[in-house]
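Visitor: Could you have a look at this structure, given as C-alpha cells, before my questions?
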C-alpha cells in the first residue's frame with residue numbers, strides 16, 4: 001500500500017467487482033465499502049507508523065510506514081520532516097481512495113454487455129434473492 005500503488009490497485013479491484021457484480025446491489029455496495037475501508041485502514045496506519053504495519057513496510061524495504069506511503073521506493077520525499085503541506089496532500093490522496101474503486105466499477109459496468117432477459121448479475125445471494133429461478137419465473141417446488 002502506497003500512494004503510488006494504491007490508486008491503480010483500487011481501480012483494478014473495482015473493475016473486477018464491476019465485472020462480477022454488474023448491478024449496484026446491497027451486497028455490491030457492502031463489498032465496495034469493505035474494500036475501501038480495508039485499504040484506508042491499512043494505508044492510514046502505515047502513514048501514521050502504527051506498530052502493526054511494521055512487517056508490511058519492512059517487506060517493502062522502507063524506513064517506516066510513512067516512507068513507504070510517500071516514496072514507494074521511488075521518490076525522495078523527506079518523510080521524517082513531513083510538514084502540514086505533505087500531511088494535507090496525503091489527506092487529499094486518502095480521500096480519493098473510494099473514488100478510484102468506484103471508477104473501476106463504473107468502467108467495467110459501462111463496458112459489460114447488457115444482461116440477458118431474466119438473467120442474474122452474479123448469484124442469487126449477491127442479488128438479495130434466495131431463489132435460483134430467473135426473474136419472473138416461478139421457483140421450483142422442493
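Values in this text are rule-based calculations from the coordinates and carry no lab data. Predicted model only: the values in this text are computed from it and were never measured.
Visitor: So how much slack lies between residue 81 and residue 24, counting 0.36 nm per residue of separation and subtracting their Cα-Cα distance, in nm?
Guide: Numbers: separation 57, 0.36 × 57 = 20.52 nm, distance 4.29 nm.
Gain in length upon complete extension: 16.2 nm.
Visitor: What span do the alpha-carbon atoms of the range 6-111 cover on each of the three principal axes, reported in whole Å from largest to smallest?
Guide: Answer, in whole Å and largest first: 45, 26, 21 Å.
Visitor: Beyond 19 Å, what share of the Cα-Cα pairs of the range 15-62 is found? Please give it as a whole percent. Don't skip to the answer; put the middle values down first.
Guide: On the way: 488 of 1128 pairs.
Here the long-distance tail beyond 19 Å is 43 percent of all Cα pairs in the range 15-62.
Visitor: Moving to a separate point now. Return a whole-number percent for the relative contact order of the range 6-111, with Cα pairs under 8 Å and 6 or more residues apart as the contact set.
Guide: 51
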